[in-house]
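**Q** Questions regarding the structure given below will be posed in turn.
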Amino acid sequence: MKRVFSGVQPSGELHIGNYLGAIRQFVQLQDQADCFFCVVNLHAVTVPQDPAVLRQKTLEVATLYLAVGIDPLKATVFVQSEVPAHAELAWMLQCLTYYGELSRMTQFKDKSIGKQNFSVGLFTYPTLMAADILLYQTDIVPVGQDQKQHLELARDLAQRFNQRYGPILRVPEPMIGEVGAKIMALDDPGKKMSKSADNINNRINLMDDAKTVQKKIARAVTDSGNEVRYDPEYKPGVSNLMSIYSTFSGESVATIASRYTGQGYGAFKGDLAELINRELGVIQKRYQELKASGTVEEILSQGATKARQVAEETLQQVKEKMGFIV
Ligand code: AQP
């Protein structure tokens, strides 16, 4: 059985970009592979976090994993900081990572630009992500397009380690969807939808109520003219909304375009909001049930026990190969 690993940071409210780009794939994969889905809280602290909020968001992300349909009987769900091997392997891999490689990471450039002080953790984040993946001898990593460069580093580090010390680490493959892999911001289709963007109209959160979704879609930046046509270069705003429609409905953008011929943006936006609300409504109901059940912490504790066993095995092999006394 193939091994799958992926994670989401509890760095804010999860949005439909996280859902369509990554989490929705997790649910499909759990029936075909041995899956590990992690709430990557060590990544979240690469930028300042309020401790109480971080704790709350960590539980929220785990609850959302379950609410979208991840079944703890099929997949291992856990919190990164509960498995110390992540930080240990990250250090060892940092000693194999070149400064130049990390300097080229576009996410680091985006997040550090214009800032006087940013943490060393923000710089070495991709190496921690490589450790997360390689610890579980992962075959497939379902992620959005923005993580492709980080995945390439994880592959390079696995190969570098194997060449230097012997074939221990499996070289992972990214799994990036054809549609939904890069959902753009509603207020600026030139940027990706992001949990940490200051403007809340940048994104639709998975926990947004129906009215908020309607308002955000109504306000979403569109382009001049009123033709619903997929043309990312000249109509980036409408094209982004069409991609969202397409990923939620499973219909092609051509089908969507022909449905709204001559109807303008209003009808299209109204239906899109309804489509999103139908799916989010189901997730939100399940979320409330899970929250009330009080079972999430126990599920995470069991997940961490299993994750520790698998991660420890790889870490021991790595330590032995690197010359540590084990
Ligand atoms: N806009 C997006 N479209 C498609 N996929 C996306 N992902 C993130 N944004 C989009 C995917 O969601 C997964 C979890 O992301 P993350 O928590 O690791 O952080 P991120 O990629 O940095 O996403 P955010 O939402 O922009 O968070 P912040 O603002 O905290 O950095 C990943 O698989 C990611 O590709």
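The values are calculated or read from the model by the stated rules, or taken from the named source; none is laboratory data. Bear in mind the structure is a predicted one, so any value in this text is a computation, not a measurement. FYI the Cβ positions are ideal-geometry reconstructions off the backbone, even for glycines, and counts take in every protein chain you see. SASA here: full protein model, heavy atoms, side chains in, ligands and nucleic acids out. Shrake-Rupley method; radii C 1.70, N 1.55, O 1.52, S 1.80 Å.
**Q** Which of the three applies to the chain, rounded, prolate or oblate, going by the alpha-carbon gyration tensor with a ≥ b ≥ c and a/c under 1.5 meaning rounded?
**A** Values: a/c = 1.96, a/b = 1.62, b/c = 1.21.
Prolate is the answer for the chain, as a/c is 1.5 or above and a/b outweighs b/c.
**Q** Compute a Gaussian network model of the chain, connecting alpha carbons closer than 10 Å, and tell me which residue from Lys115, Lys74, Lys291 fluctuates the most.
**A** Lys115
**Q** Would you calculate a helix-derived [θ] at 222 nm for the chain, using -39,500 (n - 2.57) for each DSSP H run of n ≥ 4 and dividing by the full residue count, to the nearest 500?
**A** On the way: 13 runs with 171 residues, N = 326.
Per the formula, -16500 deg cm²/dmol.
**Q** Quick check: the angle from helix 120-135's long axis to the longest principal axis of the chain, C-alpha only, nearest 10 degrees?
**A** Result, in degrees: 80.
**Q** Moving on. Can you sort Asp132, Asp110 by 1.4 Å-probe accessible area, starting with the largest? Numbers along the way, then the final one.
**A** Numbers: Asp132 5, Asp110 115 Å².
The most accessible residue leads, giving Asp110, Asp132.
**Q** Please give, to one decimal in nm, the separation of the simple spin-label points placed at Asp156 and Gln107, each 7 Å out from Cα toward the Cβ.
**A** Distance between the two pseudo-spin positions: 1.5 nm.
**Q** Could you check the simple spin-label distance between Ser301 and Lys2, using points 7 Å along Cα→Cβ, in nm with one decimal?
**A** In this crude label model, Ser301 to Lys2 measures out at 3.4 nm.
**Q** Does the range 200-287 come out rounded, prolate or oblate by the C-alpha gyration tensor, with a ≥ b ≥ c the root eigenvalues, rounded set by a/c under 1.5 and, if not, prolate when a/b is larger than b/c and oblate if not? Display every interim value, and only then the final one.
**A** Details: a/c = 2.06, a/b = 1.61, b/c = 1.28.
Taking the square roots of the gyration eigenvalues as a ≥ b ≥ c, the range 200-287 is prolate.
**Q** Which one, Lys216, Lys285, Lys195, has the greatest fluctuation when you compute a Gaussian network model over the chain with C-alpha springs under 10 angstrom?
**A** Lys285
**Q** Using a 1.4 Å probe on the protein heavy atoms, what percent of the accessible area of the range 150-289 belongs to carbon and sulfur? Intermediate values should be presented prior to the final figure.
**A** Values: 3350 of 7050 Å².
Of all accessible area on the range 150-289, carbon and sulfur atoms account for 47 percent.
**Q** For the range 190-199, what does the Karplus curve 6.51 cos²θ - 1.76 cosθ + 1.60, with θ = phi - 60°, yield as ³J(HN,Hα) per residue in whole Hz, taken in order and with x for Gly and Pro?
**A** x, 10, 7, 4, 8, 5, 9, 5, 5, 7
**Q** Taking Cα atoms, how many degrees apart are the long axis of helix 85-94 and the longest axis of the chain, rounded to 10 and kept between 0 and 90?
**A** So the helix axis and the longest Cα principal axis differ by about 80 degrees.
**Q** So if we plug the beta-carbon distance of Gln317 and Gln263 into 1/(1 + (r/R0)^6) with R0 = 45 Å, what FRET efficiency do we get, rounded to 0.05? Kindly include the intermediate steps, with their values, before the conclusion.
**A** On the way: r = 60 Å, r/R0 = 1.34.
Working from the Cβ atoms, E equals 0.15.
**Q** With a cut-off of 19 Å, note down the residues of the range 243-271 whose backbone N falls inside the zone around a label point 7 Å from the Cα of Asn226 toward its beta carbon.
**A** Within reach of a label on Asn226, which here means backbone N under 19 Å from a point 7 Å along Cα→Cβ, the range 243-271 contributes 257-271.
**Q** What is the local net charge at Ser11, summed over the other residues whose Cβ is closer than 9 Å to its Cβ (Lys, Arg +1; Asp, Glu -1)?
**A** Working: positive: Lys57, Lys195; negative: none.
Net local charge, Ser11 excluded: +2.
**Q** Using R₀ = 56 Å, calculate the FRET efficiency as 1/(1 + (r/R₀)^6) where r is the Cβ-Cβ separation of Ala218 and Gln309; round to 0.05.
**A** Once rounded, the FRET efficiency stands at 0.65.
**Q** Of the peptides 44-52, 312-320, how do they stack up when ordered by the mean number of other Cβ atoms within 10 Å, highest first?
**A** Details: 44-52: 14.3, 312-320: 16.8.
Packing order, densest peptide first, comes out as 312-320, 44-52.
**Q** Okay, next question. What residues have an amide H closer than 5 Å to that of Met175, excluding those fewer than 5 places away on the same chain, when H is modeled at 1.01 Å from N in the peptide plane?
**A** HN-HN under 5 Å from Met175: Val141, Val143.
**Q** Whole number in Å², please: accessible area per residue of the chain, 1.4 Å probe, ligands, DNA and RNA not counted.
**A** Values: 15340 Å² over 326 residues.
Ligands and nucleic acids excluded, the result is 47 Å² per residue.
**Q** Charges on Cβ only, +1 for Lys and Arg, -1 for Asp and Glu, centred on the Cα centroid of the chain; of Leu64, Phe123, Gln9, which one is farthest towards the dipole's positive end?
**A** Looking along the dipole axis, the top candidate is Phe123.
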